[in-house]
Each structure stands twice: as C-alpha cells, then as structure tokens.
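S.K.: For reference, the structure I am asking about is given below.
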Amino acid sequence: MTRSMEDYLKAVHKISREEEVASTTKISKALRVAPASVTEMLKKLAEKDYVKYSPYHGTTLTKKGLKIAEKTARKHRLLERFLHDVLKIDKIKVHEQACEMEHTLSDDAEESLCRFLKHPDSCPDDGKIIPPCDLKISSCAECVQLHKRGLEEVGKHKQNLISINKLKDGQFGKISFIRGGHKVLQRLLDMGLTPGTRISVLRVAPLGGPVVLAVRSSKLAIGKGIAKKVFVEIEE
Amino acid sequence: MSCHSESIEKSNNRKNGEKLTIALAGNANVGKSVIFNQLTGSNQIIGNWPGKTVDRAEGSLCFENYEISVIDLPGIYSFSTFSLEEVVSREYIAKEKPDVVINVLDASVLERNLFFTLQLIEMNAPLVLCLNQIDIAKKKGMIIDKQKLEKALGVPVVLTIATRGEGLYELIESAVKVATENTKRKKINYHNDLETRIEKLTQLIETEKIDLEYPSRWIAIKLLEGDTEIVKLVKSKSAKIVDISYILSQELSTIHDEPCFSIVASERYAYASMITSSAMKQNEVKNTFSEKLDWVTTHKVFGYFIAIGVITGLLLWTFIVGDFLSGLISEGLSFIEPLDPQVSGPIVSVIWNGVFNGFVAGVTLVIPFVIPFYFLLAMIEDSGILTRVAFMMDSVMHKIGLHGKALIPLILGYGCSVPAIHSCKIMESRRERLLAAFAITFVPCAARTLVILGLVGVFLGPIWALTLYAVDLILIFLLGRIAMKVVPGKSTGLIMEMHSFKVPSLSVVSKQTWTRTKSIIFMVFPIYIIGSAIVQALYALDLLTPISNAMSPLTVTWLGLPAITGILLILGVVRKEFILLGAVAVFGTTNLLGPFSPVQLITLALVAMLYIPCLSTIIILIKEFGWKAATSISIANIISAIIIGGLAYRLLEIIL
Ligand SMILES: Nc1nc2c(ncn2[C@@H]2O[C@H](COP(=O)(O)OP(=O)(O)OP(=O)(O)O)[C@@H](O)[C@H]2O)c(=O)[nH]1
Ligand SMILES: [Mg+2]
Ligand SMILES: [Zn+2]
Ligand SMILES: [Zn+2]
C-alpha cells in the first residue's frame, strides 16, 4: 500500500459518501490528477481488490478498500485532534499537516494517540465523525472492552451512552450525538432530534425493524440502520 | 420578467384591490390541502400520511373584491435542499414572492411545527399562522394561548379546524390584511454567539451588494449552515463572503463542539421550545382511543395481523361487496339484454351489439367494484393506518431494497398505477423511486382487478382470483429482489413522522371517492364502449386474423390460449380492461366459459396482470424516469409474463 493508493481510497470513500458511486472525473478533480492516470491507478487498485471499478458505472470500495479508507480517515482525524487540542496549532492549518502525517503514522501510534486523546468522536476542523478503531490487541483495555460489546458502541466515551435501537419500549433518553452523513443528520435535526433533546422509545419493532420515538410531542419512526447511529444518555 | 418589475406590478395590484397570491406552506400532513380544497373547491389528494402533495398546485378564490390565487405547496420540515419538495417550496417562496404565506401548523405538534415557522421568518416572508387541527390538540389536553403566540412571533395567528371549515373565513381575512397593509415584522434574535455572527455576515452581504433574490439574513444563516446551493451561489458573486462565513462557522463549532448546521438547528429548536412552553398549557389526559389504536397497530403480533389485514382486506372487500352489487346490477340490466348475441349479419347491428356489451360490462364491473374499492381506500388513507403498516413492514421492504414508506405507494397502486408512481416521490433517492415504481407495475390496479374478476372471479369463483393475487404478491417480492440486485446503489433508512389516528372525515372521504370514480366514468367509460364496438366490427370483417395468426406461436403454442387473444393483448396495452371487453365483444357473449377453458381463463388473467404496464403508466414512467428505465421496466414485465404464463399453463393442465 503506497501513500498515493491511500489517497485514492480516501477520495473514493469521500465521493461515494456523497454520490453513491465515484466517477473518474470526480476523483481526478478531487486529487488534481489527470483522468488517464486516475484510470490507470483505479485498475491497479481493482486488481488488488481494493475497489470495484467499471469505466461506465464508476468506482466503489470493496470491504478491503473501505477498511483502509476508514483507517486512513481515522488517522487523519485523530492527528487533527492532536495537532489542534494538544499542540494548539491553528484550525485552518491542521488539515494539511494531518494529510502529510496520516500516511506515516503506525497503527501502534494511532492506538496510543486514540487513548491519549481519550477516544474523541469528531475531528476539529469539520466536525466529521472519527471512524471507530479496529483494535485486535489488548494494549488499550478500555477499547478492547468496548470492542467486545459490538462495533456500534465503539467510539462512545461518555458513561451511560447507548444507541437507541438498544432501548426498550418506554425507556427515556437524552440525545448525545448522532453519527452519519450530513443528509441524514440534517433530516434528524429537522425532525427535532437535536443534542440534548429528551426522547422516549414507544415501540421497537421485532425482526430488526424500526423504532418509534416520541420527540417534542410528535411520533417519529426511524429505521434500525439509522437508529443504531443515534446515541443517547439513558434516564430512568 | 425580472423580479423587480414583478414586485412593482404586485404593489399596483394591491392598490386596485384586485389580484393577490397566497401560498400555503408548512410541515407534511398538517392540513394544507384540506384548506386548499375548501378555499378553492379543488380536488387535491388528502389523506393521513405525510407527503401526498408533491408538486405545487394552484387554485383561485374570490374574497370581497379580491381575486386570490392560492398555491398549495408540498409539506416540508426545513429549507435545506436535500429533497425535491424542499427545493420547490424554497424557490417558490423566495423567488415568486407571494403576497402572503399562510403557514399551516399542526397545533398538536406545536414545537416541531414552529421550527419551520422560524425559517419562514428568517426568509422574511409576510406571514399568517394557521393553527390547524385544534380539535386534535384539545383531545390531547393542549391549550394554546393565541395572544401569547402572536406576541412572541409578531405574526397574526388564526385557530382552525379545516375539515369542518371552522376559522377559514378569519384566516383569509387576516391573510388579506397582511398582504395589503404594511405590517411591521418582529425580528427573532438567536443566542448571542450565533446572533453576532449572523449579523456580521448579514452586514457584509449588504455592503458587498451581491444581488441575490434571497434576503440577506437568510443567506447569512444558510452560509453558516454550509448549505451547498447557497454557498455555490454566493461564491460565484463573492468568494470573500464564503471564506469569512467559513471562519465564522468554524469559530462556532469550536465553541459548541458541534458542526455548525447542528448549532443552528439547536438554536431554532431552543427558540421554538421557549415559545411553546410559554404559549401552550399541557393538561394530563387519559390514554385516548387514538393512543390505544397506536398500541395495537404497532404491536409485535397484532401489528402484523393488522398490516396484512390492510394489504389483503382491501382486495377481499372489493370482491365481497363488488360481487354482491354486481349481481344486483346485472339482474336489473338483464331485461334489455339482446336475445341473440350478434357476431354476423349487418355491420350496424354488429357495432350496436359491441356498444351494448361494452356498456353492460362497464356498468356491471366499474360501479360495483370500483366505487366500494375507492371508498375503502379513501377511508384507509384518511385514518392514519398506512404509516403504521409502513412501520410494521419496514424490515420486509428492506429485502427488496426499499424501506417501509414505499409500501404506501404500493397500496395506492391497487387503485391506479399512475398516481401511485407519482407518489413514489416520497422516497428519498432516485434508485428507491425506481425500485418502487417497478414493483408498482406488478401491483394489481383496479383495471387489472376488473380483468381478474371478469375472467376468473365470475366463472371459477373467488378462490382462484385470490390465488392469483397471492401469486402476484409473491412475484412482486421475488422480482423486487432481482431488481434490487440489478439497480446499483445503496438503500436509505426510514425516517417518517407518524401522525395521530383520526376518524376519517366523511366529506373528505366521499369527495375523494367521487373524484376518482368520476375520472373512470367520464374518461374510461366512453373508451370501453367505442373500443368494444370497434373490436367487434373488425372481428366481424375478419381483419384481426392475420395479426392473431402472427402471434400464435406465443399465444397458442407457448401459452395455450386461443389465437384471438393475441389481438386482445395488444389492445390491452391501451387499457387492460380491453382484454376482457375485447373477449366479450369478439365472442359476442358475456359467458366466457364457452370459448375459453378454465385453464385458459386463469392463464390469460395471469398474463394480463403481468405483461406490460398500460399506456398511461408507460407515459408516467417515461416522464419520471426517462425512456431507458421505462423501456427496461416494460421489457421486464413482458419477459416475466411470458415465462410465468407458460409455466402456469403447463402446471394448471396437470392440476385441473
Ligand atoms: N381532526 C382534524 N383533522 C384534520 C384537520 N385538518 C386536516 N385534517 C386531516 O389531516 C390529514 C392531512 O391533511 P392534508 O390536507 O392532506 O395535509 P397536507 O398538509 O396537505 O399534507 P401533505 O400534502 O402530505 O404535506 C387528513 O387526514 C385530514 O383529514 C383538522 O382541523 N382536524
Ligand atoms: Mg397536501
Ligand atoms: Zn478533517
Ligand atoms: Zn481506542
């Protein structure tokens, strides 16, 4: 995995979050590289099974590619936090600096950084969520413990935080934070799920179905996939 | 016309006291269209589920000496541009500048509705607040202080119960007043951190004099929120403003440790919440009937029964009531039935016979089956059960790449595919709209139900007809799964407001039933009669045989049908009922069990149900999704009809 490969995967990841599939033109614009070299690189990445590439349908990440892209984004954002929070470097400058450093940061260093920063959940310059870590070794006791309880709980660092699909009928909670793209987040905010809002769960449908929340005297049905990303502090 | 000359023109009109434009805006399902229909006598779709009105509609009204044009806008929750409806409403209010915007609110969900009101105030729209559904709010123990609300927002407030027409006169009165008098508007100040930055940016926008159609304060807020459209727009005029807005929003997100668009939303909600708690008193109420219904319909056991009950009950009801009424009507008509069906002899009598058969078939099918069906559909739509069914079936719908909300257009598809495909706009992405529309082309619409009833239900009994429906539902699921794999892209999740149950309003329901039936009687009936006469004449003159023969490898050899069905299937593309009416015309009898064997009747009904969307459906598919998608869907229909029809024929030969 070379540095430029990581940049490509990161770009494909970012674009396909916004438009489902990443076209070659978009990638070439994002990386400021000629379309011909983009095509060449995409083919190379496809050979190694990091992306699914088709000249007409655009590019999507494979599981393997997604993992690397998320990992790079995580390193990038952890570094931004570190540069900004600890070294007090100006916000406007942290992004570029982090872009340089993300490729050389080892996984060990990433883990330590995460622990040192007390598992932050968003990056400073654009509020993007830091992807959860994928620790396998037991150097960070807390992380491992979190890991055992399932992926969606990794990254929560306050006490009592739980995603709303885990609440039971009739339980109350206060919105703490929501993960997800701008579009979903905006829609949930519009519907009244702003941080600090008190909600209660009225119904959880069986078989991985949606939940019904009571929020600001309205009733809101939310699919499980989205409910998993809404974290609340439980109130009794 | 530039926006300047238009505003001058409008102010001139005001002096003459002639023309005014009123727009109805607000959250989904608050009662905008009920008000619109009451004011203008139009027939907008009404029902108790969010997202019925998808395009803006226009109507007119005379009030005192004003000629008022009223615009019904789609229901939205905010002015971001993530959905089409939001763009439609935002562009309309900002660019067309109606003389007054009536902001319709669901009084029982005041706080959430005020979130949108605040955005209208940010847009500097001349406003009247219409607190609708006061009856529901009362039932929930909510008492709203109108004066306090008016004072807090600086906007006139009118309380209404739209379904009963209560308060609508005052509403128009106060709208006209706002439109014609220069009222002073109150400024809403947000929290200090945010407010100072909004003001800084507003001032900058004003000194830079970038000439945009939107008010400066609103642009400032949208820039801070990072609204992509507005950022792009402003950037084209002045990059400096965008840069500064970026820095300001960074500052804000550092202070609050949240992205800036979330801070703005929180601020609005904080304001809405403050107003609500001062203007509304909430009394304790006992568990209302509507709450109990909610409990049952979302229950993990009963909920599924009810959901399936709604999906199948609509068809069952059509059968039972329709069968009964149809019996009565054909008895009533029998005295004028000609003794000898004419298939030969003078051409005039052949044509007359065709006309008569077309008429009888129309009367005995349309009235008894279609009216009860539309009546129950309107009841179901207006009750609020559809969102509960959507909730219960969400995980099933995910299996075909959709989410629960897509079930609503599918159920509407029992009526007619065209409005059903239109309402696919409630889905979030094009991919989901396409998948839902594809599924709808297989849903048995009223026309197909008539064919199934006329071919199978009448001669072989309702069990066979219901079996066909069951087969169809299974097919929809299987084909939907295939389509999901074929069409690339991700699925989005469900986010849907569930409004309280309501007792369906009889006037709304009967009007809706009549509107839909009327379109069948006046538009489709003549087509039945003319079509049926033409077919019979062509048949008598032996003009159909060459075409039928050309298609016989498919119809006779593979599907085991009489050769003449080839021509019927071609006619059926125009309207599916022609398959039935054509058969009646060609064979000169309403008893089809002679010319067809039972196996043939079932096979024909099955093929008719699947083989292609009818002409008007194809047209709307082209309009919504383009040629390519419409063609692919039609071809997929034809192929599945041929495969399944042939297999069914062979299987039925063994069973029957
Ligand atoms: N009880 C009661 N029901 C009402 C009142 N006003 C509207 N309704 C019902 O509320 C539901 C929604 O009304 P619509 O007029 O279709 O709502 P809309 O705002 O046009 O909705 P969209 O077009 O989906 O945004 C219908 O079931 C109406 O019968 C009211 O004042 N009282
Ligand atoms: Mg409407
Ligand atoms: Zn960043
Ligand atoms: Zn960690």
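The values are calculated or read from the model by the stated rules, or taken from the named source; none is laboratory data. Just so it is clear, the model here is predicted, and its values are computed rather than measured. Ideal geometry is used to build each Cβ from the backbone, glycine not excepted, and the neighbour counts take in all protein chains shown. What goes into the accessible areas is simple: the full protein's heavy atoms, side chains included, and nothing from ligands, DNA or RNA. Shrake-Rupley method; radii C 1.70, N 1.55, O 1.52, S 1.80 Å.
S.K.: Return yes or no: is B:T467 under 16 Å from B:M609 (Cα atoms), of a type in the set (S, T, Y) and under 20 Å from the mean Cα position of the chain (by Cα)?
M.R.: Against the criterion (under 16 Å from B:M609 (Cα atoms), of a type in the set (S, T, Y) and under 20 Å from the mean Cα position of the chain (by Cα)), B:T467 does not qualify.
S.K.: What about B:F36, is it touching a residue at least 12 places away in the same chain (Cβ under 8 Å), within 12 Å of ligand 1 (Cβ to nearest atom), among the aromatic types (F, W, Y) and farther than 24 Å from B:E122 by Cα?
M.R.: So B:F36 passes the test.
S.K.: Taking B:V101 as meeting all but one of (1) touching a strand residue (DSSP E or B) at 6+ places or on another chain (Cβ under 7 Å); (2) within 15 Å of ligand 2 (Cβ to nearest atom); (3) not polar (S, T, N, Q), write down the number of the exception.
M.R.: With (1) touching a strand residue (DSSP E or B) at 6+ places or on another chain (Cβ under 7 Å); (2) within 15 Å of ligand 2 (Cβ to nearest atom); (3) not polar (S, T, N, Q) applied to B:V101, the lone miss is (2).
S.K.: Quick check, is B:T589 in the same structural domain as B:L466 (by TED's automatic domain parsing), farther than 22 Å from B:S417 by Cβ and out of contact with any Pro (no Cβ under 9 Å at 6 or more places or on another chain)?
M.R.: In short, no.
S.K.: Identify the single condition in (1) loosely packed, with under 14 Cβ neighbours inside 10 Å; (2) outside the structural domain of B:Y269 (by TED's automatic domain parsing); (3) not charged (D, E, K, R) that B:T207 does not satisfy, given that it satisfies every other one.
M.R.: Here B:T207 meets the rest and fails (2).
S.K.: Just checking, how many residues over segment B:40-74 are part of a loop (DSSP other than H, G, I, E, B), within 13 Å of ligand 2 (Cβ to nearest atom) and small (G, A, S)?
M.R.: Total satisfying the criteria: 3.
S.K.: Just to check your reading of the model, which residue among A:A69, A:A46 is more than 14 Å from chain B (Cβ to nearest Cβ), among the small types (G, A, S), open to solvent by less than 30 Å² (accessible area, probe 1.4 Å) and more than 16 Å from ligand 4 (Cβ to nearest atom)?
M.R.: Just one listed residue meets the conditions, A:A69.
S.K.: For segment B:93-130, which positions are part of a strand (DSSP E or B) and within 14 Å of another protein chain (Cβ to nearest Cβ)?
M.R.: B:L105, B:D106
S.K.: Something else about it: Could you list all residues from segment B:328-363 that are open to solvent by 30 Å² or more (accessible area, probe 1.4 Å) and at pLDDT 75 or above?
M.R.: B:L328, B:W352, B:V355, B:F359
S.K.: How about segment B:470-513: which of its residues are more than 19 Å from the chain's Cα centre (by Cα), more than 16 Å from ligand 1 (Cβ to nearest atom) and under 30 Å from A:S217 (Cα atoms)?
M.R.: Matches in segment B:470-513: B:S491, B:T492, B:G493.
S.K.: Which one of these is within 14 Å of another protein chain (Cβ to nearest Cβ), away from ligand 4 (no atom under 16 Å from the Cβ), among the β-branched types (V, I, T) and on the phi < 0 side of the Ramachandran plot: B:I495, B:I482, B:I476?
M.R.: B:I495
S.K.: Right, next: Just wondering, is there one or more residues in segment A:90-103 that are within 14 Å of chain B (Cβ to nearest Cβ), modelled with pLDDT under 85 and not in a helix (DSSP H, G or I)?
M.R.: Checked against the condition, which is being within 14 Å of chain B (Cβ to nearest Cβ), modelled with pLDDT under 85 and not in a helix (DSSP H, G or I), segment A:90-103 yields at least one hit.
S.K.: Another question, if that's okay. Do any residues in segment A:92-113 that are within 23 Å of B:S253 (Cβ to Cβ) have Cβ atoms under 8 Å from those of residues that are among the basic types (K, R) and open to solvent by 30 Å² or more (accessible area, probe 1.4 Å), where the two are at least six apart or on different chains, and which pairs are they?
M.R.: Close Cβ pairs (under 8 Å, with a partner that is among the basic types (K, R) and open to solvent by 30 Å² or more (accessible area, probe 1.4 Å)) amount to A:A98/A:R77.
S.K.: A further question on this structure: Looking at (1) closer than 18 Å to A:M1 by Cβ; (2) in contact with a helix residue (DSSP H, G or I) (Cβ under 7 Å, 6 or more places away or on another chain); (3) open to solvent by 40 Å² or more (accessible area, probe 1.4 Å), can you tell me which one A:A34 breaks?
M.R.: Looking at each condition in turn, A:A34 falls short on (1).
S.K.: Also, I was wondering about something else. Which condition number does B:K97 fail, the rest of (1) open to solvent by 10 Å² or more (accessible area, probe 1.4 Å); (2) closer than 24 Å to B:K281 by Cα; (3) over 25 Å from the mean Cα position of the chain (by Cα) being met?
M.R.: Condition not satisfied by B:K97: (2).
S.K.: Read through the list (1) modelled with pLDDT of 75 or more; (2) within 24 Å of A:H182 (Cβ to Cβ); (3) in contact with a Cys (Cβ under 9 Å, 6 or more places away or on another chain), then give the number of the only condition that A:P120 fails.
M.R.: Answer for A:P120: the failing condition is (1).
S.K.: Filtering segment A:192-211 down to residues that are within 8 Å of chain B (Cβ to nearest Cβ) and crowded, with 23+ Cβ neighbours inside 10 Å, which residue is nearest to B:L293 (Cα to Cα)?
M.R.: Out of the qualifying residues, it is A:R203.
S.K.: Looking at segment A:212-236 only, could you name the residues that are open to solvent by 10 Å² or more (accessible area, probe 1.4 Å) and more than 7 Å from chain B (Cβ to nearest Cβ)?
M.R.: If the condition is that a residue be open to solvent by 10 Å² or more (accessible area, probe 1.4 Å) and more than 7 Å from chain B (Cβ to nearest Cβ), then A:A214, A:K224, A:K228, A:K229, A:E233, A:I234, A:E235, A:E236 are the ones that fit.
Quick grid of which residues meet (1) more than 14 Å from chain A (Cβ to nearest Cβ); (2) surrounded by fewer than 21 Cβ atoms within 10 Å (Cβ to Cβ); (3) among the charged types (D, E, K, R):
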site: B:K502; (1), (2), (3): no, yes, yes
site: B:L506; (1), (2), (3): yes, yes, no
site: B:S510; (1), (2), (3): yes, yes, no
site: B:T515; (1), (2), (3): yes, yes, no
site: B:L543; (1), (2), (3): yes, yes, no
site: B:I567; (1), (2), (3): yes, no, no
site: B:I570; (1), (2), (3): yes, yes, no
site: B:V574; (1), (2), (3): yes, yes, no
site: B:L601; (1), (2), (3): yes, no, no
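S.K.: Sticking with this structure for a sec: Return the residues of segment B:272-316 that are farther than 28 Å from B:Y414 by Cα and facing another protein chain (nearest Cβ under 9 Å); say none if nothing qualifies.
M.R.: Once the filter is applied, which keeps residues that are farther than 28 Å from B:Y414 by Cα and facing another protein chain (nearest Cβ under 9 Å), segment B:272-316 yields B:A272, B:S273, B:T276, B:Q282.
S.K.: Next question. Could you pull out the residue among B:I495, B:I527, B:I521 that is touching a Lys or Arg at 6+ places or on another chain (Cβ under 7 Å) and within 27 Å of B:V366 (Cα to Cα)?
M.R.: When all the criteria are applied, what remains is B:I527.
S.K.: If you don't mind, there's one more thing I want to ask. Would you confirm, using the coordinates I've provided, whether B:I612 is surrounded by 18 or more Cβ atoms within 10 Å (Cβ to Cβ), not in a helix (DSSP H, G or I) and not polar (S, T, N, Q)?
M.R.: Judged against the criteria, B:I612 is a match.
S.K.: Across segment A:14-34, what is the total count of residues that are assigned to a helix (DSSP H, G or I) and farther than 15 Å from A:A46 by Cβ?
M.R.: Here the count works out to 11.
S.K.: Looking at B:L621, is it outside any helix (DSSP H, G or I) and among the aliphatic types (A, V, I, L, M)?
M.R.: So B:L621 fails the test.
S.K.: While we're on this one: Kindly provide the set of residues from segment A:92-112 that are more than 16 Å from ligand 4 (Cβ to nearest atom) and either touching a strand residue (DSSP E or B) at 6+ places or on another chain (Cβ under 8 Å) or open to solvent by 30 Å² or more (accessible area, probe 1.4 Å) (or both), ordered by number.
M.R.: Across segment A:92-112, the qualifying residues are A:I92, A:K93, A:H95, A:E96, A:Q97, A:C99, A:E100, A:M101, A:H103, A:T104.
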